[in-house]
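Reviewing the structure listed below.
The values are calculated or read from the model by the stated rules, or taken from the named source; none is laboratory data. None of these values were measured; they are calculated from a predicted model. With ideal geometry, Cβ positions are generated from the backbone for all residues, glycine too; neighbour counts draw on all protein chains shown. Just so you know, the surface numbers come from the protein's heavy atoms only, side chains and all, with ligands and any DNA or RNA stripped out. Shrake-Rupley method; radii C 1.70, N 1.55, O 1.52, S 1.80 Å.
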Amino acid sequence: MVLSWTKGSRVFRRARKGKELLSNSCNDLQVEIAVPTHFRCPVTLDLMKDPVTLSTGITYDRDSIEKWIESGNKTCPVTKTELTSFEIIPNHSLRRMIQDWCVQHRSYGVERIPTPRIPVSPYEVKDACTRILSAAQMGDESKVVELVKKIKGWGKESERNKKCIVSNGAALVLSNVFDSFSRGSIEKNFVVLEEILEVLTWMRPIPEEGRFLYLGSSNSLSCLVWFLNDKQQVSTRQSASLLLKEIHVDSLVKVEGVLESLVNMVKVNVGDVSTKACLSTIFHLVYSAKSKKVIIERFVELGLVSILLEILVDAEKGTCEKALGVLSCLCDSEKGVQIAKSNALTLPLVIKKLLRVSELSSSFVVSIVYKICDKAEEGVLIEAIQVGMFQKLLVLLQVGCADSTKEKATELLKLLNSYKSKAECVDSSLDLMHLKKPL
């Protein structure tokens, strides 16, 4: 029995074009290519790219049956019998037959399916991890590098391999080895530390034991900060910034130079990924660390307020949210508020983001303006009105917001209303389409 290939497979979209071209060139002669039924996966009815056989003897495409099993199913989709084993065996003979069939029909635009790589097995991952630990204990750096590169290679082959590597404890082992080599000279162990660092970034989130016991150690954290300052290796700096985001803030603040390094990373702007990672780490430090007051003061001294305002000029949504969140926390400092007030960009930039980025960003904007506006400073209040804060607050209350934001917005409106008549002009370009009724 055969089925028409025109009924489904994505593999043959180009083949459709080939068939159409053939029919046009042959005086409307229709050429129908039929795909043998046993070449199709029983689950998706698509042509199989990597046929594998279950313990029941039924063959499926690997992706389809793995998704079936991962969904919690314990039976064979065709026979409905309970699986005695979840082991899947590659059906090489059928795969070669499918490839031959594709080659025979290539004149119609049918592409030959590539020979799939055999996915890594849990046994191979665990064996590599055991050997890495053994080599690390012996101080054999070259062997560790060789094995880490092997794991990296597996991960590059497919997402399936990455899942297998992560689920079999590789992240914990590599965190342990990273901590071990960070105790020595970083310059001497640079290669092995760099290799491990790169692999750990796609294993996030790191298991709790790895984050607290190994990566959270003073040696590992000092090493991560060192990599953060390595101006010659952009990729390594990015990897270090991503891993630092995994560390608990109370462990992070104990590392010398970490605050300065984070500010420098945000200032230099190595890349969007690094900037967002560093802003996330800074936000957790100024928001939830036990010594957050001291940390806020130090960030203000390092000029972070001005740096954040520069970022806000053309930041995309994710970066903008994080920058506004950090700025809101820095305005808890009296000195931070003074610097924000003295910068001519503060109110125009911050108020511009209200209602334009996200609900979270809007709450941060209201918080920042609430902290900056002071009854004693008439000029600040008038400037806020001139750049459209009053109208935007009205819109915000109309469209709805969190209770805490609503409370601050209401107080700000009362405060700004008394100075509204003194404002010389108001931005007429404001978008008030969200208003439910005229005010």
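For this structure, a couple of remarks:
- Of Gly325, Gly139, Gly155, the residue with the greatest mean-square motion in the GNM of the chain, using alpha carbon springs below 10 Å, is Gly139.
- Whichever aspartates and glutamates have a C-alpha closer than 15 Å to that of Lys322, once near sequence neighbours (fewer than 8 apart) are set aside: Asp272, Glu310, Asp314, Glu359
- Taking Phe39, Phe299, Phe181 as the candidate residues, the one with maximal mean-square fluctuation in a Gaussian network model of the chain, Cα springs under 10 Å, is Phe39.
- Probe 1.4 Å, protein heavy atoms only - accessible area per residue of segment 95-190 in square angstrom: 55
- Extended-chain gain in nm, criterion 0.36 nm per residue less alpha-carbon gap, His38 and Ile89: 16.7 nm
- Of the residues Val78, Ser288, Pro348, the one whose Cα sits farthest toward the positive end of the charge dipole of the chain, with +1 on the Cβ of Lys and Arg and -1 on the Cβ of Asp and Glu, is Val78.
- Rounded to 10°, Cα long-axis angle of helix 170-182 versus longest principal axis of the chain: 60
- Listed by chain and number, the lysines placed with their C-alpha closer than 21 angstrom to that of Lys126 are Lys143, Lys149, Lys150, Lys152, Lys156, Lys162, Lys163; residues fewer than eight positions away on the same chain are left out.
- Acute angle (nearest 10 degrees) that the helix 13-25 long axis makes with the longest principal axis of the chain, alpha-carbon atoms: 60
- Label separation (Thr79 vs His248): 5.1 nm, computed from points 7 Å beyond Cα along the C-beta direction.
- Ellipticity estimate at 222 nm from DSSP helix runs (n ≥ 4, -39,500 (n - 2.57)) divided over the chain, nearest 500: -18000 deg cm²/dmol
- Gap separating the Cα centres of segment 70-129 and segment 339-369, nearest whole Å: 54
- Loop-located trypsin sites (Lys or Arg not before Pro) in segment 353-410 (DSSP state other than H, G, I, E, B) with a sparse environment of at most 16 neighbouring Cβ atoms within 10 Å: Arg356, Lys375.
- Long pairs among Lys231/Lys254; Lys245/Lys414; Lys267/Lys408; Lys292/Lys353, criterion Cα-Cα beyond 28 Å: Lys245/Lys414; Lys267/Lys408
- Applying 0.36 nm per residue to the separation of Arg96 and Glu301 and subtracting their alpha-carbon distance, the gain on full extension is 67.1 nm.
- Helix 122-137 axis, angle to the chain major axis (alpha carbon atoms, nearest 10°): 60
- Prolate/oblate/rounded label for segment 152-225 (Cα gyration tensor, a/c 1.5): oblate
- For segment 179-262, the Cα gyration tensor yields ellipsoid semi-axes of 17, 15, 13 Å (square root of five times each eigenvalue, largest first, whole Å).
- With 0.36 nm allotted per residue and the present C-alpha distance subtracted, the Asp140-Ser421 stretch has 93.6 nm of extension available.
- Surface share of carbon and sulfur [accessible, 1.4 angstrom probe, percent] for segment 198-242: 46
- When +1 charges are put on Lys and Arg Cβ atoms and -1 charges on Asp and Glu Cβ atoms, the dipole computed for the chain relative to its Cα centre reaches about 980 debye.
- This structure gives Rg/Rh (Cα atoms, Kirkwood Rh), computed directly, and of [x] 1.01; [y] 1.12; [z] 0.98 that value is listed as [y].
- Contact order normalised by residue count of the chain, Cα under 8 Å, 6+ apart, percent: 7
- Largest mean-square fluctuation among Glu301, Glu82, Glu383, in a Gaussian network model of the chain whose springs join Cα atoms under 10 Å apart, belongs to Glu82.
- Total formal charge among the other residues, if their Cβ is under 14 angstrom from that of Lys143, Lys/Arg +1 and Asp/Glu -1: -2
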